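Derivation of every value follows stated rules applied to the coordinates shown; laboratory data play no part. Note that the coordinates shown come from a computational prediction; the quantities given were computed from them, not determined experimentally. Neighbour counts are summed over all protein chains in view; Cβ atoms, including those assigned to glycine, are modelled from backbone coordinates with ideal geometry.
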Amino acid sequence: MHRDEIPAGTLYLLILKTLARSGELHGYEIANSIQRISEDVLQVEEGSLYPALQRMLIKRWVTAKWGTTAGNRRARYYQLTAAGRKQLAVEMSQFERVIGAVTRVIEAV
Amino acid sequence: MNWLREIARRLGMLVHRRQFDADLEEEMQLHLELRQQEHLESGMTADSARAAARRQFGNVTSLREKSHVAWGWEWFENLLQDMSYGLRMLRKNPGFTSVAVLTLALGIGANTAIFSVINGVLLNPLPYKNPQQLVVMRENDSLPNVMDIQRQARAFSEGGGINVQRMDYTGGTEPVQVRTGLVDAGFLETLGVQPMLGRIISLVEDTKGGPRLAVASYSFWQNFLGSDPHAVGKAIPLGGNTYTVIGVMPASFAPPAEHADLFVSIWAGDPGAAAQRDVHFMHTYWRLQIGVALAQAQAEMAAIDHRLAEQYPAEEKERKTQLVPLQEWLIGDVRSALLVLFGAVGLVLLIACANFASLLMAREVARHQELVIRSALGAGRGRLIRKTLTESALLSVLGGAAGLLLAQWGTRMLLALRPENLARLSGIHMDTRVLLFALLISVLTGVVFGMAPAWVAARGGVAEALNENGRRTTASAMGHRVRKILVTSELALALVLLVGAGLLIKGFSRLRSTNPGFNPANVMTMYLQLPPTRYREIPKQTQFRRELLARLNSLPGLQAAMVTDIPLGGNYVGHAFVIDGRPPVAVGGEPDVQTLSVMGDYFRVMQIPLRAGRDFTSLDRENQPLVAIVNEQMVRQFFPHENPIGARIHWARETEPFQWMTLIGVVGDVKHSGLDQPVDPAVYTTFPQSDEIWRSFMTLAIRTRDMSPGLVEEAKKQVWSLDSRIPVSDVNTMDQLMAVSLA
């Protein structure tokens with residue numbers, strides 16, 4: 001099965017959207033969620049989630065707290081903040097603008 | 001306040017670095033294990049499940065680093081890493097390290113030592129209250145004049161003067177002479193330094209017939225009062241009288257230019273001179289009124305000078321007071337000398353730096369392969385430069401630390417030489433500014449001079465360098481060029497220094513080879529002062545002198561004589577004189593000559609050659625015709641076309657009947673005031689024929705076959721066998737005085 005690298009610059013958007021939809025997730029769940037919803041088309045280099053999450057923590061888009069998984073393991077759970085929600089809207093509109101433009105270009109006769 | 005939060009966050013991160021690493025590790029580990037579990041459940045073998053999980057996850061190390069970057073401390077971590085790496089390298093190459101550190105230590109040490117002198121002398125403010133208001137009069141003045149100026153001048157808020165005289169202090173185990181500052185009440189007041197204990201002399205006490213009070217310097221308090229916190233009120237024997245200690249000055253206090261152990265009122269210490277308007281013996285300091293410019297004060301002084309001259313035509317004919325800001329007067333020509341010295345040691349530092357850079361460069365070339373491998377493994381050029389710079393900065397800071405030790409030692413050496421014209425010795429020490437200076441030049445040295453090698457090292461492509469044949473490529477060629485530049489500039493700098501040093505040495509050796517006019521080898525000198533209270537008459541002084549010389553000369557292997565002031569000792573007395581048969585000169589316009597009294601075959605002992613006529617004999621004594629011997633300079637200046645032998649002179653101060661002295665001989669010139677100073681015309685007379693009671697001092701000159709250390713003690717014993725309360729001071733060999741004059 002062929003998997004596509006996620007487009008550059010969209011990792012934040014994907015994480016923000018995933019968290020907005022599901023509330024509290026740890027890193028592994030975020031990676032799985034992105035893969036599942038994209039029907040395995042979008043392949044995150046899974047490790048790269050973690051530096052991205054660190055940067056988002058610093059920017060206060062997300063908060064993190066330690067909790068326990070179903071398998072009774074300690075895991076860091078991430079949750080969207082108000083600033084994160086705002087950022088999600090910004091990233092969405094940016095993304096749509098780019099996609100719209102790209103679509104117009106490739107569909108132009 | 002965003003940046004504040006940012007700083008707080010970064011600091012928090014720094015403190016919790018370990019926690020952060022552990023959290024990240026745990027999080028990543030969990031991810032890997034869960035993914036592996038998933039693969040296992042889908043039927044993979046354990047090994048391939050783990051491999052797949054890892055492949056999907058990516059490079060853990062690099063991800064960890066990226067996470068660190070996010071927190072903004074990677075530079076710090078790199079620094080720590082580079083430092084520990086650098087330290088390891090330095091430890092592994094002790095030869096290289098010690099050479100580099102030593103090179104820099106010399107350069108930095110010399111600079112820091114000179115800087116600490118500059119800092120103490122030029123940069124630090126004088127240790128007095130509002131020192132920028134203080135001015136000094138170039139000319140000495142008398143107490144009556146000083147008092148008039150204090151009353152009349154509006155430009156000054158206060159002022160006062162000092163004259164340092166040696167006085168006998170007999171309160172210790174041996175009688176000694178202490179330097180006593182005869183002051184008026186204004187002197188200590190003007191400098192504005194609070195006493196450490198007690199108080200200073202007040203205006204009402206500073207008067208004719210006032211109480212005998214003394215303010216001790218810190219060193220006197222330490223040496224003679226046993227650092228007694230209750231020293232105030234103590235009675236001390238000084239100059240044949242008893243004084244009461246009323247105060248002690250702090251250790252940081254010293255008069256601007258004078259050395260004084262004690263301060264007493266002039267009225268108490270020298271009442272005779274205090275009342276004389278024409279005894280200009282006080283060096284005076286004045287404080288400008290706030291808002292008054294120097295020129296204004298100078299103009300007012302000119303008016304006061306004029307008034308005094310009109311009022312006292314006999315004593316104050318030619319007054320021309322010059323005011324100079326104290327700081328400027330103290331530093332004077334030392335400033336340019338210090339700056340030249342600073343320039344010279346700066347050059348030394350540059351040479352040291354060039355050496356340092358060459359050393360680094362040579363090593364970088366040797367380590368070229370290592371660097372190539374590092375950059376092949378992905379180290380960026382910036383990172384490589386940083387690593388090399390960290391190493392050179394480490395070296396230079398080590399060098400700086402060693403240099404600081406060197407500087408401390410060097411400064412102590414400098415101070416031990418006691419350069420006489422460096423007025424503010426006490427201000428010289430290591431302070432924060434000096435330490436900062438040393439740190440700054442160390443780090444700058446390391447970074448600036450480590451830059452070239454680092455840059456050269458990080459240059460050059462990986463591919464060609466990895467190729468064994470490519471070793472002699474861009475990097476080493478560049479290195480070659482830079483090293484050439486370094487060596488060339490080093491040579492140029494060294495040449496400049498050499499020329500400078502050569503000029504100095506030439507001047508020095510010229511001075512060194514100057515004939516002082518006497519033979520300084522194996523001559524011991526010491527200074528004696530007969531207490532004026534007990535030796536009030538000339539015959540009594542003569543009797544002491546004659547007996548002392550007799551006793552000393554009865555000792556085997558030595559020959560002793562005496563003179564008022566020894567050559568190169570820094571003192572002499574001048575007298576105006578008149579030559580018999582010459583056209584009369586206006587009163588006050590008579591020429592001045594150096595006047596020295598001698599006794600006991602002085603010229604033979606000093607080996608000053610007799611050029612014409614005869615030497616003094618024991619018959620040239622009291623109640624005999626007055627005779628004098630002159631030096632060759634006197635003949636050149638005053639008897640250019642005639643035979644001086646048989647000519648007659650008398651001192652200008654005398655009133656009729658004149659005490660005519662007949663010139664009986666001419667001796668060779670002596671460099672009395674310093675090897676680099678011109679010879680003054682001089683007149684020698686004999687002590688027994690002197691009529692100046694105040695000249696109760698003398699300097700013994702003792703020539704021996706060999707300088708035995710017991711000589712000084714033996715001589716002192718002879719002095720004290722005659723009078724146990726006579727202080728002996730300034731014990732020097734003539735060679736020592738020569739050395740001081742050379743320095």
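In whole Hz, what ³J(HN,Hα) sequence does the stretch B:696-713 give by Karplus (6.51, -1.76, 1.60; θ = phi - 60°), x for Gly and Pro?
8, 9, 7, 10, 6, 10, 10, 9, 10, 6, 9, 7, 8, x, x, 4, 4, 4
Counting partner chain Cβ atoms within 10 Å of every residue's Cβ in B:55-65, what's the average? Write down the numbers at each step before the final one.
Values: counts 2, 7, 7, 7, 3, 2, 0, 3, 9, 3, 1.
Rounded to a whole number, the mean comes out at 4.
Mind listing the phi-derived Karplus ³J(HN,Hα) values for the stretch B:295-306, rounded to whole Hz, using 6.51, -1.76 and 1.60 with θ = phi - 60°, and x for any glycine or proline?
4, 4, 4, 4, 5, 5, 5, 4, 5, 5, 4, 4
Distance between the C-alpha centers of the stretch B:684-706 and the stretch B:111-188? Whole Å please.
When both Cα centres are located, 31 Å separates them.
Taking each residue of B:24-30 in turn, how many C-beta atoms of other protein chains fall within 10 Å of its C-beta, and what is the average? Provide the component values of the computation, followed by the final result.
On the way: counts 5, 0, 5, 11, 6, 1, 9.
Mean shielding by partner chains, rounded to a whole number: 5.
Quote the FRET efficiency, to the nearest 0.05, computed for B:Leu742 versus B:Glu77 with a Förster distance R0 of 56 Å and r equal to the Cβ-Cβ distance.
Between B:Leu742 and B:Glu77 the formula returns 0.45.
For the pair B:Ser202/B:Asn623, report the inter-label distance in nm, with labels modelled 7 Å from Cα in the Cβ direction.
About 5.5 nm separates the two model spin labels.
Take each of the peptides A:74-81, A:85-92, average the number of other beta-carbon atoms within 10 Å over its residues, and list them starting from the highest.
For the peptides A:74-81, A:85-92, the packing ranking is A:74-81, A:85-92.
For the stretch B:297-422, give the magnitude of the charge dipole about the Cα centre (Cβ charges: +1 Lys/Arg, -1 Asp/Glu; no others), in debye to the nearest 20.
Around 1220 debye, computed over the stretch B:297-422.
Using alpha carbons only, what's the Rg to Rh ratio of the stretch A:4-107 with Rh from Kirkwood?
1.00
With a cut-off of 8 Å between alpha carbons and a minimum separation of six or more residues, what is the relative contact order of the stretch B:1-123 in percent?
18
Which peptide among A:55-63, B:114-122 comes first, and what is the full order, when sorted by highest mean count of other Cβ atoms within 10 Å?
The peptides rank, most packed first, as B:114-122, A:55-63.
What is the distance in Å between the Cα centroid of the stretch B:484-550 and that of the stretch A:32-109?
Here the two parts' Cα centres lie 87 Å apart.
Which value, in debye to the nearest 20, gives the size of the charge dipole of the stretch B:179-304 about its Cα centre, when Lys and Arg are +1 and Asp and Glu are -1 at the Cβ?
Values: 7 positive and 10 negative charges, 33 e Å.
The calculation lands at about 160 debye.
What is the distance in Å between the Cα centres of the stretch B:1-44 and the stretch B:610-655?
Centre-to-centre distance over Cα atoms comes out at 104 Å.
Relative contact order (percent) for the stretch B:140-198, with alpha-carbon contacts under 8 angstrom and 6 or more residues of separation?
Once divided by the residue count of the stretch B:140-198, the mean separation gives 31 percent.
Do you know the relative contact order of chain B, to the nearest whole percent, from alpha carbon pairs under 8 angstrom that are 6+ apart? Could the numbers behind the result be given before it?
Numbers: 1163 pairs, mean separation 109.1, N = 743.
Across chain B, relative contact order equals 15 percent.
Take peptide A:51-58, look around each residue's Cβ out to 10 angstrom, count Cβ atoms belonging to other protein chains, and average those counts. Write down the numbers at each step before the final one.
On the way: counts 10, 4, 4, 9, 5, 1, 3, 7.
Mean shielding count: 5.
How big is chain B by Rg and Dmax over its Cα atoms, in Å?
Spelled out, the Cα radius of gyration and Dmax of chain B are 37.7, 139 Å.
Students often get this wrong, so check it: of B:Lys66/B:Lys484; B:Lys208/B:Lys317; B:Lys129/B:Lys234; A:Lys65/B:Lys387; B:Lys506/B:Lys716, which have C-alpha atoms separated by over 31 Å?
B:Lys66/B:Lys484; A:Lys65/B:Lys387; B:Lys506/B:Lys716
Sort the following peptides by mean Cβ neighbour count (other Cβ atoms within 10 Å, averaged over residues), highest first: A:16-27, B:701-712.
A:16-27, B:701-712
For chain B, give the share of DSSP beta bridges that are antiparallel, in percent and rounded to the nearest 5; count only bridges with both residues there.
Roughly 80 percent of the beta bridges in chain B run antiparallel, per DSSP.
Toward the positive end of the charge dipole of the stretch B:97-226, about the Cα centre and with charges on Cβ (Lys, Arg +1; Asp, Glu -1), which of B:Val164, B:Ile118, B:Ala153 goes farthest?
B:Ile118
For the stretch A:4-107, give the magnitude of the charge dipole about the Cα centre (Cβ charges: +1 Lys/Arg, -1 Asp/Glu; no others), in debye to the nearest 20.
Computed charge dipole of the stretch A:4-107: roughly 720 debye.
Tell me the angle of helix B:432-458 to the major Cα principal axis of chain B, expressed in degrees between 0 and 90 and rounded to the nearest ten.
40
Based only on other Cβ atoms within 10 Å, what is the fewest-to-most ordering of B:Glu318, A:Glu29, B:Glu26?
B:Glu318, B:Glu26, A:Glu29
From the phi angles alone, apply the Karplus equation (6.51, -1.76, 1.60; θ = phi - 60°) to the stretch B:134-150 and give each ³J(HN,Hα) in whole Hz, x where the residue is Gly or Pro.
7, 10, 10, 8, 4, 8, 6, 9, 9, 4, x, 5, 4, 5, 5, 5, 4
What would the Debye formula give as log10 I(q)/I(0) at q = 0.07 Å⁻¹ for the alpha-carbon point model of the protein assembly as shown, no solvent?
Reported log10 I(q)/I(0), two decimals: -0.78.
What aspartates and glutamates does A:Lys59 reach when the alpha-carbon gap must be under 15 Å and sequence neighbours fewer than 8 apart in one chain are set aside?
A:Glu91, B:Glu6
By its C-alpha gyration tensor, with a ≥ b ≥ c as the square roots of the eigenvalues, how is the stretch B:46-167 shaped: rounded for a/c under 1.5, else prolate for a/b larger than b/c, else oblate?
prolate
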